[in-house]
Amino acid sequence: MLLRVNDVYKTFPGPVAALDGVSLDVHSGEHVSIVGESGCGKTTLARVIMGLVDPDEGSVIFNGHPLLTAHSRRGDFSRQVRMVFQDPFSSLDPRYSVRAILKEALRREPKMTPGEDFLRMRKVLDLVRMPADILTRYPHEFSGGERQRIAIARALMTSPKLLILDEAVSSLDVLVQQEILAMLEELQQRMPVTYFFISHNLRVVRRLSRKVAVMYQGRIVEYADRDTLFNAPSHPYTQVLLKAAFNYEVSP
Amino acid sequence: MSEFKLAWQRFVKDRVALIALWVLGILYAAALFADVITPYSLRDESRLHTYCPPTAIHFLTSDGHWAGPYVRGVAMSYDEYRRRIYRETDEAYPLKFFGKGESYKFLGVVTWDRHLLSVDAPGRVYLLGADSRGRDIFSRIIHGARVSLTIGLFGVLISFVLGLLVGGIAGYFGGRIDNILMRMCEMVMMVPGFYLLLALRAAVPDTLNSLQVYAAIVIILAFIGWAGLARVIRGMCLSLKERDYVLAARTMGLTDMEIVMRHILPHTISYSLAAVALAVPGYILGESALSLIGLGIQDPYASWGNMLSEAMNIVRIQFAPWILWPAFFIALTVMCFNLIGDALRDAWDPMLKGRGDQP
């Protein structure tokens, strides 16, 4: 098992619990998606996994090691689990060139020679279908889709086992979304990486995932194989979601 | 193209700021080469030339022939109200460029005795007039620039480092650390600046030599100035630490220190550069205020503030208005720093807006 989220609770100031007892297992190669409406706790779950938010209760276990502190994530975890953020306009520091941005992803890696660095950068830029001559340029010179490719390239620098994509295509327009999704599909074939895909868009989720978890008000209400979930949803909320997304009646 | 280059391109389009930059550049260069530029040293005085007005520079002899630049000797007498009157005599003293004069140690290293402008004794050249002891005001302004122009820079440097550090730590870590540090800032800020200046000066013994006084003033000014900067930096850090690229850096395993140094403080630099330029005048004025009331740089050393202490008497200003020249230089410098500060702020802002990145 790659990642286990164990009965996690998190409350922010306010009436509703962001995470209300979430448990989830992710196995290698499973390509899990989390769907749900805005505010259901998807992003909080991603942040708890990444250690950006401390859970009130519960734990996250990676490769059999519980992750308790920021320090415990600084080792293997930070290399093998990488996250791509929603907004490519704010996830890249405008002050650094693409080269520096990619290089930063290697901070916790063993030291490499400049030549190895460069080969690695060229490899990931090739994976996201960007030319290698963009290394000296700065984020503000790129479009949203190109920036998201750079952000994904950064996440791939350490060849992670788990890639958390938090609404990674939601802020892009439809055509660019399609390109990025096609690229992510291709990546699934080329690399031994498992996606943890967070989205409110069921059509996107169907393309990329093998298992789907539906979240509603801080709980996972249904967790099933993609085909099972899309063809025979069991939870009423899932049925409503599917109906809204694909505009058809679910067979009883 | 990096952010700095873009900002610089915008900055140089601002003509007024560019002129201000040149003026400051000339002033600082003059301060650096003060020994060469000035006709007289700090210790030079001539009691026969008390409040001598600015010397006229002649080019023609009295019968209309070209004679090159020269100055005439002056003779002092008193009128019926015992006021000094200076009349030009017939003696001519040609102006010498890079002529031999008092020897000095240039930048404290090389001994040299050439001055950009000088006349042979007993002639005197007072480009901007003389003060009560017959000292050349022009020379003293250039020598005083060394104190007045640098004290602000050193002061701001110290309070800048302190402000960045305290503000950065308070803003990034938040919570109790933030609380304690900010209450400390407020304790400094709640005392009116000028009284704090006086109180701190009183705490320093007055048996110090001039260099020690200089250092003491720098430290006092820095101590007063850091709190305001720290508060602003802290506010910026509070919002900067929620940026996605900071979160991304955290997920990549960067340490807090690495994040503060790479992703937080560099983003405050744009603002703080402008803030620094706008803060320098405060330090220059602070030094002037201390020196004006006699608590700063002491005679025979010159600063623009202590030169002005002579101008505290209205009668003297009436008869020798040229003793106000240091005030002109203070105003000029303060104005230049303000113009540059404003232009720096404008140069950064549009770009930050364009990237959804404003602080």
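The values are calculated or read from the model by the stated rules, or taken from the named source; none is laboratory data. Values in this document were obtained by computation on a predicted structure and should not be read as measured data. Cβ: placed from backbone, ideal geometry, glycine included. Neighbour counts: every protein chain shown. All accessible areas refer to the heavy atoms of the entire protein, side chains included, with ligands and DNA or RNA removed. Shrake-Rupley method; radii C 1.70, N 1.55, O 1.52, S 1.80 Å.
One table, with the values for the structure above:
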{"quantity": "Of all accessible heavy-atom area on the stretch B:49-134, the percent that carbon and sulfur account for (1.4 Å)", "calculated": "57 percent"}
{"quantity": "Gaussian network model of chain A, Cα within-10 Å springs - most flexible of A:154, A:219, A:95", "calculated": "A:95"}
{"quantity": "Helix B:193-203 vs. chain B, principal-axis angle (Cα, 0 to 90°, nearest 10)", "calculated": "80 degrees"}
{"quantity": "Unit charges at the beta carbon, dipole of the protein assembly as shown: most positive-side option, B:219, B:108, A:61", "calculated": "A:61"}
{"quantity": "Shape call, the stretch B:49-134: gyration tensor on alpha carbons, a/c limit 1.5", "calculated": "oblate"}
{"quantity": "Cα centre as origin, Lys/Arg/Asp/Glu Cβ charges: the stretch B:1-140 dipole, Debye", "calculated": "460 debye"}
{"quantity": "Residues along the stretch A:96-111 losing 20 Å² or more of accessible surface when the other protein chains are present rather than the chain by itself (probe 1.4 Å)", "calculated": "A:96, A:104, A:107, A:108"}
{"quantity": "Largest to smallest accessible area among B:206, A:166, B:113 [probe 1.4 Å]", "calculated": "B:206, B:113, A:166"}
{"quantity": "Magnitude of the charge dipole, chain B, Cβ model with Lys/Arg +1 and Asp/Glu -1, debye to 20", "calculated": "480 debye"}
{"quantity": "Rounded accessible area of residue A:72 (nearest 10 Å², 1.4 Å probe)", "calculated": "50 Å²"}
{"quantity": "Helix axis angle, B:175-189 relative to chain B longest principal axis, alpha carbon, degrees", "calculated": "20 degrees"}
{"quantity": "Net charge over other residues, Cβ less than 10 angstrom from the Cβ of residue A:233 (K, R count +1; D, E count -1)", "calculated": "0"}
{"quantity": "Modelled FRET efficiency - R0 35 Å, residue B:256 with residue A:63, Cβ distances, 0.05 increments", "calculated": "0.90"}
{"quantity": "Over chain B, equivalent-ellipsoid semi-axes from the Cα gyration tensor in Å", "calculated": "49, 24, 17"}
{"quantity": "Chain A - Debye-derived log10 I(q)/I(0), Cα point model, q = 0.07 Å⁻¹", "calculated": "-0.24"}
{"quantity": "Exposure ranking of B:107, B:164 by accessible area [1.4 Å probe, largest first]", "calculated": "B:107, B:164"}
{"quantity": "Whichever lysines have a C-alpha closer than 20 Å to that of residue A:42, once near sequence neighbours (fewer than 8 apart) are set aside", "calculated": "A:10, A:211"}
{"quantity": "Local electrostatic count at residue A:121 - Lys and Arg +1, Asp and Glu -1, tallied over other residues with Cβ under 11 Å", "calculated": "+3"}
{"quantity": "Crossing angle, helix B:3-12 versus chain B [Cα axis fit, 0-90 degrees, rounded to tens]", "calculated": "30 degrees"}
{"quantity": "Residue B:49 accessible area, assembled protein chains, probe 1.4 Å, Å²", "calculated": "20 Å²"}
{"quantity": "Per residue, the convex hull volume that the Cα atoms of the protein assembly as shown enclose (Å³)", "calculated": "217 Å³"}
{"quantity": "For chain B, built as a Gaussian network whose Cα springs stay under 10 Å, the top-fluctuating residue of B:170, B:274, B:203", "calculated": "B:203"}
{"quantity": "Exposure of residue B:256 as accessible area (Å², to 10), given a probe of 1.4 Å and all protein chains", "calculated": "60 Å²"}
{"quantity": "Top of A:69, A:194, A:43 by mean-square fluctuation, Gaussian network on chain A, Cα under 10 Å", "calculated": "A:69"}
{"quantity": "Å² per residue, accessible surface of the protein assembly as shown at 1.4 Å", "calculated": "47 Å²"}
{"quantity": "Magnitude of the charge dipole, chain A, Cβ model with Lys/Arg +1 and Asp/Glu -1, debye to 20", "calculated": "720 debye"}
{"quantity": "Cβ neighbours within 10 Å from other chains - mean over B:92-100", "calculated": "0"}
{"quantity": "Chain A - percent of accessible surface contributed by carbon and sulfur, probe 1.4 Å", "calculated": "49 percent"}
{"quantity": "Accessible area buried between chains B and A, both sides summed, probe 1.4 Å, in Å² to nearest 100", "calculated": "2500 Å²"}
